[in-house]
1. Quick check on region 11-24. Is at least one of its residues within 13 Å of residue 67 (Cβ to Cβ), surrounded by fewer than 16 Cβ atoms within 10 Å (Cβ to Cβ) and under 13 Å from the mean Cα position of the chain (by Cα)?
2. So, of the residues in region 25-48 that are over 22 Å from residue 66 (Cα atoms) and exposed (fewer than 11 other Cβ atoms within 10 Å of the Cβ), which turns out to be modelled with the lowest pLDDT?
3. For region 82-101, which residues satisfy the criterion of being surrounded by 10 or more Cβ atoms within 10 Å (Cβ to Cβ) and part of a loop (DSSP other than H, G, I, E, B)?
């Protein structure tokens, strides 16, 4: 079975919200996206505030978007160029099925 649609998840610092929204809206091959606030947990606390270190979590924004497999490289390259060194974490998974109920 070949999966032609992928789901990209991006965990983004909250200070980059508008820039990431603009970037994703400008990407023609994205099939829409969702964003929501998350608490990120990590053993490495470099760059975390004292409060974040004490609570063990850092506020971030999570963006999720469907992308055709053929467009993934172009999107990731664009994000890597525009957001170099910003600490964005991402992962990519195949979408087995999606639809509207």
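1. No, region 11-24 contains no residue that is within 13 Å of residue 67 (Cβ to Cβ), surrounded by fewer than 16 Cβ atoms within 10 Å (Cβ to Cβ) and under 13 Å from the mean Cα position of the chain (by Cα).
2. 43
3. Initially, region 82-101 is screened for residues surrounded by 10 or more Cβ atoms within 10 Å (Cβ to Cβ), giving 82-83, 86-90, 92-95.
Within region 82-101, 83, 86, 87, 88, 95 meet the criteria.
The values are calculated or read from the model by the stated rules, or taken from the named source; none is laboratory data. Nothing here was measured: the structure is a model prediction, and the numbers come from that model. All Cβ positions, even for glycine, are placed from backbone atoms using ideal geometry, and neighbour counts span all protein chains on display.
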